[in-house]
Amino acid sequence: MLKLIKIIMHIIILYGIYLIGNWIQVALNLFIPGSVIGMVLLFIVLMTNIIKVTWIEEGSKLIINHLTLFFIPATVGVMNYFELFKGNGFLLVLIALLSTALVMALSGVISQWLMRRKEVPHDE
Amino acid sequence: MMNSLIALLSIGGTLVIYTFARQLHIRAARTFTLPVITSTFIILVILLTFHIPYETYMIGGDWINELLGPAVVALAYPLYQQRDILKQVMVPILCGALIGAIVGISTGILLARWAGFDELIIYSLTPKSVTTPVAMAVTESLGGITPLAAVFVMIAGIGGVLMSAGIFKLFRIDHYLGRGVGLGSASHAMGTAKALESSLVEGSISTIAMVFSAILVSILTPGMILLLM
């Protein structure tokens, strides 16, 4: 029971930071979404010890463990766009997939290459 | 009264289906059994079978959707846990995310142009590699179709997660850093959820790559459209 209250408190704090992030986005007219601003903000206050990690730890662990749950309602929204992908619209799916594969491959290969160069001594 | 009943039903139903999907994934442990894929599929089948509109489902679904914001905020926690490792790998992550952003935008524009799609569709397709709210904001500023942008984000997310094992094998990406950057740059938060399954470090790297690419894609897209259209 105590743990449940703790988790709810943690999630309320996370939600509060999200609202602050939204507020900053609107106030400064930024193109970065409030949730991402909130994440950067939380990282900064954790690093500077303004918020102790124990204030958000249990709630964050629970949310991150079930991260994909929160994508489900938005993903179901694809049902309103089935029409678009009939006929040659189906090509759009292929294009999106091919482009995604290229992004993953190239960004992965380059960062891995840079990392390996750092890890091994430079006398090879 | 009716609305709160519908809300309870769709929230409860989503949670039950998700719990079942999670158990299935723990037992089967294949990429295509990822809870987001199987749950979405089951819910789609139910909604289509009983002719329930998406808007009705979202009376409850919105409550879960609303938690996506604090969920993204919570990603600061693994970043904080891994802070010492992250300091040493900032440069490779940034370079990877930059290449990813350029490749994603340019191939999106060029392939769609080559296939003969009009501007409105191309504007909705280009920001697909970043998290939904950013992609929708980018598409809106270009004058594209925002709900369509969200659909392409989903395709990049689910497709990328499904293709990741094959891509990593084909291109010999076996370092946790390369995998994390690849998943975060191409498939945003869904890729990050997948990376978190491997390890906290890979998940944190993916989170950083996702944040960098969100920022880079929003800055680079308008210029690259001018250049390539």
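Looking across region B:170-225, the residues that are among the aromatic types (F, W, Y) and more than 7 Å from chain A (Cβ to nearest Cβ) come down to B:Y176, B:F212. Of the helices (runs of 4 or more DSSP H) contained entirely in region B:142-229, those carrying at least 2 residues that are outside the structural domain of B:T38 (by TED's automatic domain parsing), open to solvent by less than 30 Å² (accessible area, probe 1.4 Å) and touching a Pro at 6+ places or on another chain (Cβ under 6 Å) fall at B:200-228. Of the numbered criteria (1) within 8 Å of another protein chain (Cβ to nearest Cβ); (2) among the β-branched types (V, I, T); (3) open to solvent by less than 20 Å² (accessible area, probe 1.4 Å), the one B:V91 fails is (3).
The condition of being modelled with pLDDT of 90 or more, closer than 25 Å to A:N29 by Cα and more than 7 Å from chain A (Cβ to nearest Cβ) does not hold for B:L125. Among the residues making up region B:1-56, those that are open to solvent by less than 30 Å² (accessible area, probe 1.4 Å) and hydrophobic (A, V, I, L, M, F, W, C) are B:A7, B:I17, B:A21, B:L34, B:V36, B:I43, B:L44, B:L47.
The values are calculated or read from the model by the stated rules, or taken from the named source; none is laboratory data. All of these numbers come straight from a predicted model, not from anything done at the bench. For neighbour counting, all protein chains shown are included, and Cβ atoms are generated from backbone atoms with ideal geometry for every residue, glycine included. When the accessible area is computed, the model is the full protein with side chains, heavy atoms only, and any ligands, DNA or RNA have been set aside. Shrake-Rupley method; radii C 1.70, N 1.55, O 1.52, S 1.80 Å.
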